[in-house]
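Undergrad: One structure, as structure tokens, below. Some questions next.
The values are calculated or read from the model by the stated rules, or taken from the named source; none is laboratory data. All values reported here derive from a predicted model rather than from experimental measurement. So basically every Cβ, Gly included, is an ideal-geometry build from the backbone, and we count neighbours across all protein chains shown. All accessible areas refer to the heavy atoms of the entire protein, side chains included, with ligands and DNA or RNA removed. Shrake-Rupley method; radii C 1.70, N 1.55, O 1.52, S 1.80 Å.
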Amino acid sequence: MFGGKQPLAMLRDAHVIGGVIRQAMVDASPEEIPGLERAAQLIGEQQSVADSEVRDRWVHQVLSQAGVPSDAKHPEAVKAVREAAPGLGLVHASQIVKDALSRQ
């Protein structure tokens, strides 16, 4: 019944982007370096954010864009999340919505 659907996969490539920024600093002009340093700092901060927090942010963003209030009924929130990620199974969608709403 629930087979075939996949859990939500998160791709986190902040370490790759951070490496690109650090490499850019090698060739940067003195005027560019402060901005690149700030970018590297921001990327580093995001790299340390837990997967659960990234997933929660995504769920809240999806609900907001779908016009679903954070205090909406669970099925309405799950529907919005599954519409945003069509391959996401019902069980997984229900769990990430439950988790995100419980940690807001």
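Undergrad: Out of the residues in segment 10-31 that are of a type in the set (Asp, Glu) and not in a helix (DSSP H, G or I), state the one that is farthest from the chain's Cα centre (by Cα).
TA: Once the filter is applied, the top-ranked residue is GLU31.
Undergrad: If you check GLN61, GLN65, which single one turns out to be closer than 30 Å to ARG22 by Cβ, at pLDDT 90 or above and within 18 Å of the chain's Cα centre (by Cα)?
TA: Testing whether each residue is closer than 30 Å to ARG22 by Cβ, at pLDDT 90 or above and within 18 Å of the chain's Cα centre (by Cα) leaves just GLN61.
Undergrad: Based on this model, can you work out whether GLN47 counts as without any contact (Cβ under 8 Å) to a residue 40 or more places away in the chain, open to solvent by 90 Å² or more (accessible area, probe 1.4 Å) and under 17 Å from the mean Cα position of the chain (by Cα)?
TA: Yes.
Undergrad: Among the residues of segment 32-51, is any part of a loop (DSSP other than H, G, I, E, B) and at pLDDT 90 or above? Talk me through it step by step, then tell me what you get.
TA: The first filter runs over segment 32-51 and keeps only residues part of a loop (DSSP other than H, G, I, E, B), leaving 32, 48-50.
Subsequent filtering for residues that are at pLDDT 90 or above retains 32.
Within segment 32-51, one or more residues are part of a loop (DSSP other than H, G, I, E, B) and at pLDDT 90 or above.
Undergrad: With respect to the numbered conditions (1) in a helix (DSSP H, G or I); (2) open to solvent by less than 50 Å² (accessible area, probe 1.4 Å), which one is the sole condition not fulfilled by LYS79?
TA: The failed condition is (2).
Undergrad: Which count do you get for residues in segment 31-60 that are more than 17 Å from SER102 (Cβ to Cβ) and of a type outside the set (Gly, Ala, Ser)?
TA: Here the count works out to 14.
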